[in-house]
1. For Asp388 and Arg300 in the same chain, what is the full-extension length gain: residue separation times 0.36 nm, less their Cα-Cα distance, in nm?
2. Using Cα positions and a limit of under 30 Å, work out the lysines in reach of Lys305, with same-chain residues fewer than 8 apart set aside.
3. Return the long-range amide H neighbours of Gly9 (sequence gap of 5 or more, or a different chain), with a cut-off of under 5 Å between placed amide H atoms.
4. What's the Kirkwood radius of the chain in Å, using all Cα pairs?
5. First select every other residue whose beta carbon is under 11 angstrom from the beta carbon of Lys360; then total the charges, Lys and Arg +1, Asp and Glu -1.
6. Of all DSSP beta bridges in the chain, what percent run antiparallel (nearest 5)?
7. Across the stretch 134-148, in residue order, what do the Karplus-derived ³J(HN,Hα) couplings come to in whole Hz, using 6.51 cos²θ - 1.76 cosθ + 1.60 with θ = phi - 60° and x for Gly and Pro?
8. Pull up all non-local amide H partners of Gly147: gap of 5 or more, or a different chain, and H-to-H distance under 5 Å with H placed in the peptide plane.
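No value in this document is a laboratory result; all are computed from the given coordinates. None of the values given here were measured: they were computed from a predicted structure. Backbone-built Cβ (ideal geometry, glycine too); neighbour counts: all protein chains shown.
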Amino acid sequence: MSTPTADIGLIGLAVMGENLVLNMEDHGFTVAVYNRTTSRVDEFLADRAKGKKIIGCHSIEKLVASLKSPRKIMIMVKAGAAVDAVIDQLVPHLEKGDILIDGGNTHYPDTTRRTRALKEKGLQFIGTGVSGGEEGALKGPSIMPGGDPEAWPPVKPIFQSIAAKVDDGTPCCDWVGPEGAGHYVKMVHNGIEYGDMQLICEAYHLLHSLLGFNAEALHEVFDRWNSGPLDSYLIEITRDIFGYRDPETGKPMVDLILDTAGQKGTGKWTVVSSADLGVPLTLIAEAVYARCLSALKDERVRASKILKGPADESFSGNIQQFVDDVEMALYASKIMSYAQGFALMNAMAKESGWTIDNGKVALMWRGGCIIRSAFLGKIKEAFDRTPDLDNLMLDPYFHHEIERAQNGWRRVVSVAVSRGIPVPAMSSALAYYDGYRSDRLPTNLLQAQRDYFGAHTYERIDRSRGEFFHTNWTGRGGTTASTTYNA
Ligand code: 6PG
């Protein structure tokens, strides 16, 4: 058998896999590729991979035999059972010290399980987030690897060379942490992506439905916003979407698209994790449910004929001022969303014993990924100033920015409410802000209610924390209190 020459192998030649292979090859690595439907390998070799240092393989055995030791094999198949199936096929052909890498949108507990199981077999496992879509995969994605730390040094040069770079050349890829930490961070990235997209849609709804802006006017607004604090990939592509016309009808494409959102589950996982950890993640939760509500299209159409909104649905004010206010509402809400997302990562790191460096995460998201933005540079600076910052809002820069944005933000939420335009993300962000800055909330009453009907006990403001009391509110109950555990 000839000497193996490939630096890395990749299984799964769908959009992301194919583009990652070309990116690796472009950075000087020889890549061996395999796909279950082997005709895909031949097509790839005859087309985009033609004349490149890419070795096509029709079997797992051939792929394994083509790789230099320790073998590094990246799996780019659909998250879930397919990943386990590929791992099971590979394992009998591998040797101790070989490295498997799952680059799909895997649920993080699966990555923890796989890291542990493969470690027992003497194999090393990395579960990595890869963000940036098709173009990112080809030209420089953001890569968020976690898993077995021993696997990182041999993989690092490949990943860091293909990753996106920030202005000073730092790659948007660094070791995140053990077990499922990389996929956890990618999951939160996706949750934040849901939040950003929902906020943009709410801004669009206000400008389009309330002010009557057409696609052309929206294109201009988003173009302007893209040179302000909202400067980001998602604002930029939204601008371009507004500028795109359907070649068949000549109409703005956006106006022809059905208003029902799809989702593959990463946003939902983020919300479930936040509920498990007791961390408010209200904006992302609203973004997930807004997609669910949009999917009830037929029901909504029926309801629209029955349920009435406010009598006056028109806008009467200064249009330019309102557009600027919407920009501020989007901006301030975005700060809330990232504050919640980073707080969630802090809580998960604490819970699982991982160390997640929020500054490093912000840098990894600064370029290459779907949520890339100038704003993430500011977040990186905030965590550089205070690495253990409890909440992004408390950083002086952000706290000042919220002050600057809050009047416009409040005006937008009130106008939206009074005119019947749903802004679940912007309004829940504002409620979170007002809740977080309150030294006293009405939960004293809630505790009284819990104690009234279930003897759940309460603490008192005039006694030490940790001392629990029960009142026999009606005179009919006993004196036995229920236990004081909290979920
Ligand atoms: C990325 C994206 C990507 C995600 C899509 C679709 O970082 O490149 O997050 O991983 O799969 O955005 O997600 P939904 O179908 O759930 O919207």
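1. Stretched out fully, the Asp388 to Arg300 stretch lengthens by 27.2 nm.
2. The reachable lysines, counting only those whose Cα sits under 30 Å from Lys305, are Lys251, Lys297.
3. Under 5 Å from the amide H of Gly9 lie the amide H atoms of Ala32, Lys72, Ile73, Met74, each far enough along the sequence or on another chain.
4. 25.0
5. Value of the local net charge: -1.
6. For the chain, the DSSP antiparallel bridge percentage is about 30.
7. After applying 6.51 cos²θ - 1.76 cosθ + 1.60, I find 4, 5, x, 4, 7, 9, x, x, 8, 10, 10, x, x, x, 7 Hz.
8. Residues meeting the amide H criterion: Gly127, Gly177, Glu179, Ala181, Gly182.
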